[in-house]
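Enquirer: Okay, here's the structure, questions in a sec.
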């Protein structure tokens, strides 16, 4: 494949960022917005061309004997330390990167278009578009990385652009602290990622993904004899640390980076606060693309994870706990964006669990395919939900559902599209979420009944809290809207909603297994109606029915329920006090126990030494200052005395 | 020759002592002029005619005139003969004598050379001097020549800037 | 009687010591400058005489003297410019007036 189009895919958003960042203040809002939209549109078209070429052209470099291959379009030396250690920047095409190219550019384009209406008249409009372009560039660079170091670079770049966008309203203290929180928490996770990279590359001597994960064919032979995950395991030579093999440590540490970005349990605290950013940004970054980077990372290194059962189990456990926790918390939040944020955490955890339970011997790695499928469908319907929420917030100027209710009459387009999104995430056929979630549940049940039952329960919770949200917004009780009745958003906001709703309706029927599987061989999706699908539909419908009973009309059932739950509701409403725990650890233990003594040491010992030196020098200078009297004669006497002494000594040495 | 030497040596000693002891500054400048003339004669006696000429032209003709001008400029019209006050005279004498002692002692360490007599010297013409000034390498002084010319230029500009009326 | 090297060095030494004495005891800045010229000239004489007596084949001492005269002229001109400037401010040419220049 010619490298022109891939290079353009990366360069157009970067150029857009530079143009909007440097010339933005000179442009009008309209010009900047349309420039961003056109640039992203062109990128989207190019990404579609690339993905279609990869999936449908059937060229021998992409597909061989029905097996999709990893194809390196270009791989340019970037940092040349020495021969064995060269960091490259490149473009890797394989099923998941092609899929992500499509997802990112589509959502990004929708968000660009949507923002034209949503951000109308905001101060810093051009800056906003510049950051959107920067984010798109970084995310595209991340998914097409040919080596883990390039991925790390772009990983940090998406973190930085996320920081910039969360803190977009930088006059608001809450936005500033939210952006700092997001940056610090993900940074902390990236520390683990970096250590993992270093361990891995120290033992294998390479950064390249193709070296780690060279495709293994069905008969056990690899496409390239030299590169297999087995070689990676062999290169570790059975080294262990604290009872686990070093490879496990490396993989778990790398997964820790993914935990930070994807908001898995101990590191999830930044994502709900990240909702301080503009809503389209939440849709793009904190729902559809950046937060699935962790899933993408695990999927990218999946053949390596397969070598280490322990790492996969770890992922499964973390994912399962996170999914349940986030679903419970989502049932009690008031801010609609926070409900969606926790729902995002929960859904990403679904993908993680799906990856964790995937095994080649279970339906040829069904979990991997299901995870990617859910990533795709989730990106679409969650972006739809967020953009819908944005339209609602735009209309009533509040984030809380208490300010909404009965909106179905005033905002029909938003109502219908939001309903489609809710049905999709609840897993009702024929919407897309049903298909992907069904595959995930199948994979879980195949692995172990425990995981299957657990995730089915979480799926039921998902349906419940989404419809709770839906009823509270569109039914329930109508507050007093005053003279300004809420109305549907302008066309550039509605258009992405309608488009995404259509996609969410249809994309479940894609034969996804034909395109993306863990080893590139096509997999035939078949829905296990009796075993998995029917029960999960029943669970979802029951959950929706419960939500209908509780929230369709204004009543005091929810309040009673909350009272009867013996503090569980309050705890969930406060997110099970995770933030407080973090505050306790950082403020009480780290600040008081470690930072104060260090600060004292710095202030009194180190600064004291320096101050002492300065004090000595000052005293000395005060002492010797009178020597410079300005009296020329005294200077001459001193000089003469020295000269005579020198002359005398010299003469004495020569003479005697 | 010996007579000439005696006159010159005496002139140098007497006039330099007078230069620093006289009470009137204009006289001091005049005695300096005489001393400089005596030094010029020494140069002539050393067969350095050009150097002697430069000494007379630059010192006698330039610097002393400069001194006289500045003295006249800085003397109050009423008291045309301002008394030169000397102070710490004994300290000054002590310093001078000490210097003379140390220097004399140092000179004595080269006894053999001190009593050498004047050897013959090849005729040193103006042309040789010019070549030396404008050539490089051994015996060439182009670089210091240029440095001095730059110094003089800087000095002219500096003097103009400093003395200019604001 | 033949004139030895020492015979020239003695008057020049006297001249130098006179210059030193004058420089140390005068208060008038122009008088100090005059003393300075004395010292410079004593050194010049030394250079030429030693050059002539001990190294008649080369001319370094003579040329050094030449440069010294040029530089002395420059220095004097500048010094007098400064003195006159100072005089304009203080109406005196006392060295004690220059004390405040130390800052």
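Enquirer: Rounded to the nearest Å, what's the spacing between the alpha carbon centres of the range A:171-188 and the range A:62-128? Just the number, please.
Expert: Cα centroid to Cα centroid, the span is 25 Å.
Enquirer: Let me ask something else. May I ask you to work out the translational diffusion coefficient for chain B at 37 °C, viscosity 0.692 mPa s, via Stokes-Einstein with Rh from the Kirkwood sum over Cα pairs, reported in whole µm²/s?
Expert: Taking Rh from Cα pairs, D becomes 165 µm²/s.
Enquirer: Alpha carbon centre of the range A:326-348 versus the range A:369-428: separation in Å?
Expert: When both Cα centres are located, 13 Å separates them.
Enquirer: Continuing with this model, one more query. Note the full-extension length gain between residue B:90 and residue B:126 as 0.36 nm times their separation in residues minus their Cα-Cα distance, in nm to one decimal. Write out the running numbers ahead of the final one.
Expert: Values: separation 36, 0.36 × 36 = 12.96 nm, distance 4.69 nm.
Net length gain for the segment: 8.3 nm.
Enquirer: Now a separate question. Using only the alpha-carbon atoms of the range B:1-82, report the extent along each of the three principal axes, biggest first, to the nearest angstrom.
Expert: Principal-axis extents of the range B:1-82 (Cα, largest first): 47, 23, 12 Å.
Enquirer: Could I ask something else about it? What number in nm² do you get for the range A:1-72 if you take the convex hull of its Cα atoms and divide its surface by four? All intermediate terms of the calculation are to be shown ahead of the outcome.
Expert: Working: hull surface 20.9 nm².
Average of the hull's projected areas for the range A:1-72 equals 5.2 nm².
Enquirer: Now for a different question. Given Cα positions, please report Rg to Rh for the range A:1-121, the hydrodynamic radius being the Kirkwood one.
Expert: Looking at the range A:1-121, the ratio lands at 1.07.
Enquirer: Take every Cα-Cα pair in the range A:338-492 and report what % of them are more than 21 Å apart.
Expert: 47 percent
Enquirer: For peptide B:100-107, how many partner chain Cβ atoms fall within 10 Å of a residue's Cβ, on average?
Expert: Numbers: counts 6, 3, 9, 8, 4, 5, 7, 6.
Counting other chains' Cβ atoms within 10 Å and averaging over B:100-107 gives 6.
Enquirer: To continue, here is another question. In 10 Å bins starting at zero, report the fraction of Cα pairs in chain C per bin as a rounded %.
Expert: Values per bin, smallest distances first: 14, 35, 28, 15, 7, 1.
Enquirer: Can you list, bin by bin at 5 Å, the percent of alpha carbon pairs in the range B:121-166, starting at 0?
Expert: Per 5 Å bin, starting at 0, the Cα pair percentages come out as 5, 20, 16, 16, 12, 10, 9, 7, 4, 2, 0.
Enquirer: Here's something else I'd like to know. Per-residue mean of other chain beta-carbon atoms within 10 angstrom of the beta-carbon, peptide B:123-131?
Expert: Per-residue shielding by partner chains comes out at 1.
Enquirer: If packing is taken as the average count of other Cβ atoms within 10 Å, what order do A:163-175, B:30-42, A:617-629, A:97-109 fall into, highest mean first?
Expert: In decreasing order of mean packing, A:163-175, B:30-42, A:617-629, A:97-109 become A:97-109, B:30-42, A:163-175, A:617-629.
Enquirer: Using Cα pairs closer than 8 Å and at least 6 residues apart in sequence, work out the relative contact order for chain B, in percent. Show your work: numbers first, answer last.
Expert: On the way: 90 pairs, mean separation 23.9, N = 166.
Relative contact order for chain B comes out at 14 percent.
Enquirer: Provide, as a two-decimal number, the C-alpha radius of gyration of the range A:236-288 over 2.2 N^0.38 Å, N being how many residues it has.
Expert: It is 1.63.
Enquirer: Could you work out, residue by residue across B:10-18, how many beta carbons of other chains sit within 10 Å of that residue's beta carbon, and then give the average as an integer?
Expert: Partner Cβ neighbours, averaged per residue: 5.
Enquirer: Can you give me the Kirkwood hydrodynamic radius for chain A, using every pair of distinct Cα atoms, in Å to one decimal?
Expert: About 26.9 Å, per the Kirkwood formula over Cα pairs.
Enquirer: So for chain C, averaging the separation of alpha carbon pairs under 8 Å that are six or more residues apart and normalising by length, what relative contact order in percent results?
Expert: Relative CO of chain C lands at 26 percent.
Enquirer: On a 0 to 90 degree scale, rounded to 10, what angle separates helix A:491-506 from the longest Cα axis of chain A?
Expert: Here the helix axis deviates by roughly 60 degrees.
Enquirer: Let me ask you something else. Just the C-alpha atoms of the range A:525-653: what Rg/Rh do they give, with Rh taken as the Kirkwood radius?
Expert: Using only Cα positions, Rg/Rh for the range A:525-653 is 1.67.
Enquirer: I'd like the Kirkwood hydrodynamic radius of the range A:577-643, using the inverse of the mean 1/r over distinct C-alpha pairs, in Å.
Expert: With all distinct Cα pairs of the range A:577-643 included, I get 16.7 Å.
Enquirer: Grab the Cα-Cα distance for residue A:578 and residue A:502, subtract it from 0.36 nm times how many residues apart they are, and report the gain in nm with one decimal.
Expert: Using 0.36 nm per residue and subtracting the Cα-Cα distance, I get 23.6 nm.
Coordinate-derived values only; no laboratory data. Quick caveat, the model's predicted, so the values are computed rather than measured. Please note: Cβ atoms are built from the backbone with ideal geometry, for glycine as well, and neighbour counts cover all protein chains shown.
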